Amino acid sequence: MDERMTDAVLATEELTVRFGGHVAVDRVTCRFRAGELTAIVGPNGAGKTTYFNLISGQIPATGGRVLLGGRDVTRLSVAARTRLGVGRAFQLTNLFPDLSVLENVRLVIQSRRGRDFDMWSMAAAHADLAEAAEAVLERVRMTDLAGRKVAALSHGDQRKLEVAMLIALDPKVYMFDEPTAGMSVDEAPVVLELIAALKAQTDRTILLVEHKMDVIARLADRIIVLHNGALAADGPPREVIASDVVQEAYMGKALEDV
């Protein structure tokens, strides 16, 4: 193993996936450290979400490796990677629409603590779980919605609940794929503040796919740029945002081979 990868919480090594003759992610090597928020940007079709899918296990890699704490997890399932500390918002989490907001969060905490996954058990038997769930809802400012069924929530509140469930999972690696998409201007700041608070913990690794440059400039410690599935740029936000690669990509111009 490359010794440079051993100090990374998460790393990809020559990670590649092909769909037929199309290379969607092309030999991407990156490492991600604790306390660092990395924004992943690029034009539509650049491979950002596919790269996320490879890291979290939604799709198998054609080549290369995914390493978590130095351990090769490339062939592990989504569930196995989740148990090892990889948490993905908005695609990992499945909401239970007929249960309340509080019950959804309680089930995540119950599962994380290794208790029997019995959603119909008496609430009194899980008072400590409910208390922990209430604390998470307070963090995401959803205490007033604790008893409401998920099916009755607005789109924005459902996305906030998904963030709450990811926080309840307490992973080592947080993965956010366009977390404010579809949210109103009033709802989006709450999610961004939550991500900023997670970053402030300094012991978590955060990956963020985002198109909004103001969000990226505010939150990111580092930006990596994907183009045609390959790594086109990697560095501090100010430098990368000002680079020709990003300027051309976001202005819709053709990029040179990278």
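Against the conditions (1) farther than 24 Å from L198 by Cα; (2) not assigned by TED's automatic domain parsing to the domain that holds E178, P60 satisfies every one except (2). Out of all the residues in the range 20-43, which are outside any strand (DSSP E or B) and free of Cβ contacts under 8 Å to residues at least 40 places away in the same chain? If the condition is that a residue be outside any strand (DSSP E or B) and free of Cβ contacts under 8 Å to residues at least 40 places away in the same chain, then G20, G21 are the ones that fit.
Note on the range 208-233: among residues that are touching a residue at least 24 places away in the same chain (Cβ under 8 Å) and acidic (D, E), the one that is surrounded by the most Cβ atoms within 10 Å (Cβ to Cβ) is E210. A46 satisfies every condition listed in (1) without any contact (Cβ under 8 Å) to a residue 40 or more places away in the chain; (2) assigned to a loop (DSSP other than H, G, I, E, B); (3) of a type outside the set (V, I, T); (4) surrounded by 21 or more Cβ atoms within 10 Å (Cβ to Cβ) except (1).
A151 fulfils the conditions (1) in contact (Cβ under 8 Å) with a residue 40 or more places away in the chain; (2) part of a loop (DSSP other than H, G, I, E, B); (3) surrounded by fewer than 18 Cβ atoms within 10 Å (Cβ to Cβ) except for a single criterion, (2). Meeting the requirement of 2 or more residues that are at pLDDT 85 or above and more than 18 Å from the chain's Cα centre (by Cα), the strands (runs of 3 or more DSSP E) wholly within the range 178-240 are 230-235.
In the range 4-20, is there at least one residue being small (G, A, S), closer than 23 Å to I195 by Cα, at pLDDT below 95 and surrounded by 16 or more Cβ atoms within 10 Å (Cβ to Cβ)? Yes: one or more hits.
Of all the residues in the range 169-207, those that are more than 16 Å from R88 (Cα to Cα), surrounded by fewer than 16 Cβ atoms within 10 Å (Cβ to Cβ) and not charged (D, E, K, R) number 9.
The values are calculated or read from the model by the stated rules, or taken from the named source; none is laboratory data. In this text the structure is predicted, and so the values were computed from the model without any measurement. Cβ coordinates were reconstructed from backbone atoms using ideal geometry, including for glycine residues, and neighbour counts include every protein chain displayed.
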